[in-house]
Structure formats: C-alpha cells, structure tokens
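Chemist: This structure is in structure tokens; I'll ask about it shortly.
The values are calculated or read from the model by the stated rules, or taken from the named source; none is laboratory data. The model shown is predicted, which means the values in this text are computed figures rather than measured ones. When we count neighbours, we look across all protein chains shown, and the Cβ atoms used for this are built from the backbone with ideal geometry, even at glycine. Heads up: the accessible areas ignore ligands, DNA and RNA and are worked out on the full protein's heavy atoms, side chains in. Shrake-Rupley method; radii C 1.70, N 1.55, O 1.52, S 1.80 Å.
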Amino acid sequence: MIVSQSIAQSNRQPSSLSLGISGMKCAGCVATVEKRLLACEGVKAASVNLLTERATVIYEEVYAESLAPQLLEAIAKAGFTAELIDKTKQVSKKNAPENVTHPSWFGLTREIAIPAFLVILAIIGHLSLIGITDLPLVGNMYAHWLVSTIALGWIGRPIWWDGLKSLWYRAPNMNSLVGLGTISAYLASSVALFVPQLNWQCFFEEPVMLLGFVLLGQALLERAKGKASQAIRTLINLQPDRARMLVSSADGDLQVPIAVEDLQVGDRIVVWSGEKIPVDGEVIGGNSSVDESMLTGESSPVVKQVGATVTGATLNLTGALTVKVLQTGAETTLARIVALVESAQASKAPIQNLADRVAGYFAYSVMAIAAATFLIWYALLHAEIVFSLRLAIAVLVVACPCALGLATPTAIMVGTGLGAERGILIKGGASLEKIDQLSAIVFDKTGTLTTGKAEVTDVITNDLIIFGRKLIEQTTFKSVVREIPASALKILQLAASAEVGANHILGAAAIAKAAELNIALLPTHSSQVVAGCGVESVMSTGETVLVGNCTWLQERHVEISEEMLERSQQLAQYGKTPVFVAIANADQNPNLAGIITLRDRLKPQAPAVIRQIIDMGLQVWMLTGDRQETAVAIANQLGLPSERVIAEIKPEGKAEAIAKLINAGQVVAMVGDGVNDAPALASANVGIALSSGTDVAIETADIVLMRHDISDVVPAIQLSRATFNKIRQNLFWAFAYNTLAIPVAAGVLYPNFGISLNPTIAGLAMALSSVSVVASSLSLRNQR
C-alpha cells in the first residue's frame, strides 16, 4: 500500500518495514514492544498486532541501513524475539500462517488433552471436600502436593517462567499474573502442609485446576485464532506448486516440470484444462474458459483467447492454454492480494488506542489491586490469611489483558479475510473506522456508474464553406440509418483523426465510429491533449483541428452560433455529451465545423446500487466533467436530485470538489477507477477503487473491489460496518469484564452477600473471556 504523508520540518519520505515478533501474550506485551520500537532513532510510528505477531514500523529513509539491528536489539531487550519479514518473498505454502495441531491422544490434541487431564485431577482432589475419601490417595495431602509440584514444575513451567521473565524485563503480561497466582497458591499450600501448627488450609487442587483452565483456554484460543487467519492460508494455497514450462529443442517444444518459484518473466508455460494457472501471464496459444471466482468472487467463467491476460491461481476449465509469464513472485496479483490482506490484518483501528493505553499499565494495576486486596482483608478486616491470599490470587488470575489485546485484531482479521473471499479487499482497521462514520459517498461517473464505452449518437454540421452549406443538419445514428451526409462523415473524419493517441473514451468513440463506417483517418503532424478541455491536432495538410468542450473552444476564439448552442443544450438534456469540432487554416481563427454527441450508457446495476446506498442513510453524489445539462439528465436516470450533481469538473478539480464536501462537515467516500481519480481517492476520507481501474487508483484506495462491479460497494460498506460494530462489542466486553470481575474477585460482594470468587473459577472466567472475544469475531462469518 502506498503511504503518502508529509513529515513536519522534513522533506524525507518515510519508509516502512515489517517484523515478526514471537513471545507476546497479551495487550501489555503489545504496549511494551511499541514503546521500545518508538524509542529507536528514526522511527516515526510503530503498530504491533498481537494476533498476527507482526510489527509495522514507519521510519525515515536516512536511517534505513542502521535501523533494523537497532529494532531487533530493542525487542530482544524487552524479552521477545523478532525477525525481519521480507516483503518481496515469493508467495508459497511454506510462508502461510501456521495452524499447528499436535498428535492426537484419544481423539484429543495434546494442547487439549493435557489441560483436560489437569482439570480431572483437580476435580478428583476436590472430592475430599465433599466427604469422598475412599478413593486411593484422594485424602492424602502429600499426594496432592506431588501432583501440584509436577503440574507447576513441568506442565505449567512455560507459563510462570515466561511471567517471571516479563517481570524481569519490566513488561509484565498475562502469564506474570497467572504465574504469581499459581505460585502463591502452591507456596501457601506447601507452608500449610509442612508447618501444620499454623493451621492454614491446603488448597493444592486450585493451582492445578487453575493451570488446567488457563492452558485449556490458551488451546481453544489458538484454535480460534487459527480459524481467524484461515483467509490468508486459503489465498496462499490457491497457487499451485509446479508448472509445465515449454523449452525449445531440436525435436520441438518440450514440456518440462518446474517449481513455480523458478519461473522467470518471458517463460512459456502450458496449462491443461482442469489445472490452476501458476502465475500472471498473457495467452499466446489456445482458448479456454477460466474460473476467476477464487480471486474475484465472480462465479461466471471468463473466456480467454490469444492476447488475453490471465491471473495466477485461477482455474483453467475447458481447453489447454499456452501462456507467456508476465509477473512472478511478489509482483503477481495473488501475491499483491496476500500482501494487502496481511497488511490489513496487521493494522489497528484508532479505537484500539484506548485499549492499548490501558494495557500498558494493566498488569501493574492488577498486581497493585491484588496486594491491596490481601492487605485490606488481612490487616484491616482481620480475615484469615489463607482467605485473604485466595482473594488476592483470584484478582491476579481473573484479570484478562488478553481480551483487550484481541478485541480489535481478531475482528479485523475475520472481517478482512471474509472480504477477501468475496472479492472485497479492505486495507485496514483505520479504513473500517472511517467507513463506519461515513455520511456521503461520491461516485465518479465515467467508467464507474457508466460502462466507460461511449458511442457516437449524433453529428450536427454547421455553416462551413468547405461543405457549401448554410443550414444546420443533424445526423442521428441508429441500428439502421439512411445515407450519411458527406458533411457528417467529414466531421467524424476530422474528430477521429485528431483524437488518435489522445487515450480518452470520447475520442475512442469517434475513432470506433469512423472505423465502423470505413472512414479513412487523416495523417497528423502533431497532437496536444489539454486535460479536461480537449485535443489540438495539426494535420499533415497544415490545418489545425480542435476537438473539445464548448468553453475551451470559445477561449480559443471559436465563434459558436446561438442555434448551435441551443441544439447542444437540447441534446445534453437527453444525457448526451456534446463535443465541438473546429478547423483552422494557417494564420486564421478556427471556425466551428460541427458537433459530435456521445453517450456513455449507465451500467444496468447502477440505479439499484444508488437506491440501496440511499436506504443505508448516506448521501449520494455524482462527480463528472460533463456539462450540467448532461449530468442532470444522467442523475435523473439514477434517481439523484440535481443538487447532488457536481458537473463540469476538470480532472485536477476532483480532489478539490471532495475537499469542499469534507470542509462542509461530511465524511466522504469516493468511488472511482481512473488514473485521474487517484487524487480524489486520496483526498476522500475513504477511497473505493474498482480493480479494473489503474494501478495508481487501486494503490491509493482504502477498499478495492476485485470484481470491478459497483454492486460490491454495498456489501463492502455493510461488511465494514459489521466488522467495526464487532470491534466495539469486543472492546465493550473486554472492558466490562475486567471492570466487573476484578472487584468481585477482590471480595466486594462478600460482606453483604457472602459471595467470593474461587481462584479456580477466576482462572476459568479469564480463559473463557479471551476465547469469547475470538468466538465473537468469528461470528462475523455469518454476515451476509
């Protein structure tokens, strides 16, 4: 994604790099890593994602060579390990996010079986509390001590050891809280066992069950996170591993199997029917139908013939194709989509900032509350020491910084992944938040609401000496027409000849109509395109031809009669675009030769899309360079009022038009596809680009619609809103859970209601809190 931002008091353009970070457990770890990264010289911004275990660092280019070692060292000093992520790496299944499952024990994976075994042991230990002591060793506290020692010293060691390391690095995390709680319970029970004269109660079963629930929660969380990251794995797995490369030999072309990563630009490959196309390329032999639904969401197969482009990871259906490789590695469409989705999933929504600030102090605050809980109950309220300690332990283990850290990234990961499956690429959390705040959406007309394939509808000839005519004559093209006057053919010839090389859809329409009527084009000496105005061409005969809008020709001193102006206005009211043609000989002012009118038809789905967006409570505007009468006629077909039309806008004025709406208090989305839409897409609060558009428009946009179908604007907004609402729900739950659970664990309900929270139940609640956040995000997949 292109980052375009200015840096105060500096002309240096920022660059970015990505780091993979392992060892982070909760939102507190995220806050610590971000703080350490921001402290490095040259770093302008840093964003760390707990779920994807990635950090994105924005830095000044001047520090490029020295920064990487500095960042790795800073992260190592915080107690984590990191590695640089190569953005140019070939997309392959080896690089897909892991979804690890270990060998099964009795139908359960090791991650589930071990904590389940601990919970069962702890439940057996609790049997003595209800009078069941006949079972062997159930009532023996030394057996309880042995089980607890093994559980903490072996199975639970990674948790408390990581927690202690985090405390050492002054970056306490969830494991620090759990570790302090379990070790405190174990030590207190050990003292009670080996110093019986103190009359303390043993509760070895609680740290065992607590560890079981925590480990079980972590296992369920990892499974849920694996489902959340499934979109990336699915995308990467689309690409085949092998290809058949054509190699020339004395016996003709040979098909040689080759790894996809070894293909080079210019290589020729063969793709049989039923096989996936390995990389992006151009068809140089054969014809077939290709299923592109895995990338675009479009179910209808696309016919591919010689000269057509094909995309890697799409499925060849009906015939063999010979393809010349155009893109490989990180430059393929699939690789760019994967990179875009990964970038989006590693991003944060601004709403997460509050959670991050809280998480930076969360663990310290919880430890302080736990210490205060013990002191208040034991020293001030004179409760038993074991009771006071158990309340403090409950405070430590009930707190859930994990839920705070996962609230945003899980929702973003599921939402952006779901969008990618449907051909809607959302570029990050900030985009989601801005879409939720939208009040208006602006559509560029040409190529977005219309087909982008204008056609000539009329030719109006003027009083021209070369034609010897004094009357205005209009020729309207239909499926069957009478003999076309020579004057109309001459106007078409002049316009089409002048527009050759102009690369504009209106000029292309004139050229297409000239070709249809077998009109020979005149050679030109030179041509100059005036953006937003027209084209000026010098013919080889020395004549100058101007083709453009009325205002521009008048500025060039072309006299346009009232009759011609009135005729052009009448045609504009039918949604046609008048293009004026003038001709001048040397040292003479140009004279109007006539008018060509063109019509760019609306896409069939455009009116329905506009209605649906209006029903969503958004204002809809149309932006066009057409004259006002033409624009209003098209707006009427769309069901838009004339006051929502911004007409006669030159390409460079589109961004200014968007800025005016924003300055008027609107939160604006811009939908476009052309290269001249890029500034407007960047100026809007949210840019939405059709994938059929230019690369610069796609790179500038916040959302890319892979099916290049404006109907997807509606589900893109709906999915974005649903995802952001899920972020809100998750954050509310995370804050509400901790706000309510910690006081209850501290015993605020005990004096009046006799309710206290057992450390084991507290641990279960903490584990389920994290799992519930991820499960809530996964429910987004039910979004329709």
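Chemist: Could you tell me the calculated FRET efficiency between L740 and N353, based on Cβ-Cβ distance and R0 = 22 angstrom, to the nearest 0.05?
Modeler: 0.45
Chemist: Can you tell me which of 488-497, 743-752 comes out highest on packing, and rank the rest after it, using the mean Cβ neighbours within 10 Å?
Modeler: 488-497, 743-752
Chemist: OK, next. Would the stretch 553-594 count as rounded, prolate or oblate if I go by the C-alpha gyration tensor, calling it rounded below 1.5 in a/c and otherwise prolate when a/b exceeds b/c, oblate otherwise?
Modeler: Since a/c reaches 1.5 and a/b is larger than b/c, the shape of the stretch 553-594 is classed as prolate.
Chemist: Ranked from highest to lowest mean number of other Cβ atoms within 10 Å per residue, what is the order of the peptides 318-326, 59-67, 208-216, 763-771?
Modeler: Ranked from most to least packed, the peptides come out as 208-216, 763-771, 318-326, 59-67.
Chemist: Additional query: If each of F732 and L521 carries a label point 7 Å out from its Cα toward its Cβ, how far apart are those two points in nm?
Modeler: 6.1
Chemist: Could I ask something else about it? For the stretch 516-585, with every protein chain kept in place, what is the accessible area per residue (1.4 Å probe, Å²)?
Modeler: 52
Chemist: Could you derive backbone 3J(HN,Hα) for the stretch 363-371 from the dihedral phi with the Karplus parameters 6.51, -1.76 and 1.60 (θ = phi - 60°), listing whole Hz in sequence and x where the residue is Gly or Pro?
Modeler: Going residue by residue, I get 4, 4, 5, 5, 4, 5, 5, 4, 5 Hz, with x marking Gly and Pro.
Chemist: Work out, step by step, the length gained on full extension between S22 and I85: first 0.36 nm times the residue separation, then minus their alpha carbon distance; give nm to one decimal.
Modeler: Fully extending the segment from S22 to I85 adds 21.4 nm.
Chemist: Leaving out ligands and nucleic acids, and using a 1.4 Å probe, what accessible area per residue does the stretch 321-373 come to in Å²?
Modeler: Ligands and nucleic acids excluded, the result is 39 Å² per residue.
Chemist: Let me ask something else about it. For the stretch 42-84, evaluate the Debye formula with one uniform point scatterer on each Cα (no solvent term) and list log10 I(q)/I(0) at q = 0.27 Å⁻¹, rounded to two decimals.
Modeler: After summing over all Cα pairs, the log10 values are -1.09.
Chemist: Taking R0 as 45 Å, what's the FRET efficiency between A64 and S289 from their Cβ-Cβ distance, rounded to 0.05?
Modeler: Rounded to the nearest 0.05, the efficiency is 0.45.
Chemist: Express in nm, to one decimal, how much length is gained between E41 and Q637 on full extension, taking 0.36 nm for each residue of separation and deducting their alpha carbon distance.
Modeler: 208.8 nm
Chemist: May I ask for the net charge around T182, where only other residues with Cβ less than 14 Å from the Cβ of T182 are counted and Lys, Arg are +1 while Asp, Glu are -1?
Modeler: Surrounding charge for T182 is -1.
Chemist: Accessible area of the stretch 290-379 with a 1.4 Å probe: how many percent of it is carbon plus sulfur?
Modeler: In the stretch 290-379, the share of accessible area belonging to carbon and sulfur is 61 percent.
Chemist: A follow-up question, please. Checking the table K576/K660; K427/K603; K44/K650; K77/K348; K304/K513; K276/K427 against a 30 Å threshold on Cα-Cα, which pairs fail?
Modeler: Pairs exceeding the cut-off: K44/K650.
Chemist: Right, something else. Could you give the length gained on full extension between Y142 and K324, defined as 0.36 nm per residue of separation minus the Cα-Cα distance, in nm?
Modeler: 58.1 nm
Chemist: Right, here's the next one. Short version: ³J(HN,Hα) in whole Hz for each residue of the stretch 531-541, in order, from phi by Karplus 6.51 cos²θ - 1.76 cosθ + 1.60 (θ = phi - 60°), x for Gly and Pro, what are they?
Modeler: Those phi angles translate into 4, x, 10, x, 9, 10, 10, 9, 6, 5, 7 Hz.
Chemist: Between K660 and N725, what's the calculated FRET efficiency when r is the beta-carbon distance and R0 is 22 Å? Round to 0.05.
Modeler: For K660 and N725, the calculated efficiency is 0.15.
Chemist: So, one more: Sorting E384, E648, E433 by accessible area (1.4 Å probe), largest first, what list results?
Modeler: Largest to smallest exposure gives the sequence E384, E648, E433.
Chemist: Excluding residues fewer than 8 places away in the same chain, name every one of the aspartates and glutamates whose C-alpha is closer than 18 Å to that of K453.
Modeler: Here the aspartates and glutamates satisfying the reach criterion relative to K453 are D444, E499, E516, D600, D626, D673, D677, D709.
Chemist: Taking θ as phi - 60°, what are the ³J(HN,Hα) couplings along the stretch 445-457 by the Karplus curve (6.51, -1.76, 1.60), each to the nearest whole Hz, with x for Gly and Pro?
Modeler: For the stretch 445-457, the Karplus-derived couplings read 6, 5, x, 10, 7, 10, 6, x, 10, 5, 9, 6, 10 Hz, x marking Gly and Pro.
Chemist: Still on this structure, please answer the following. Just to confirm my numbers, what's the Cα centroid distance between the stretch 738-784 and the stretch 31-65 in Å?
Modeler: That distance is 33 Å.
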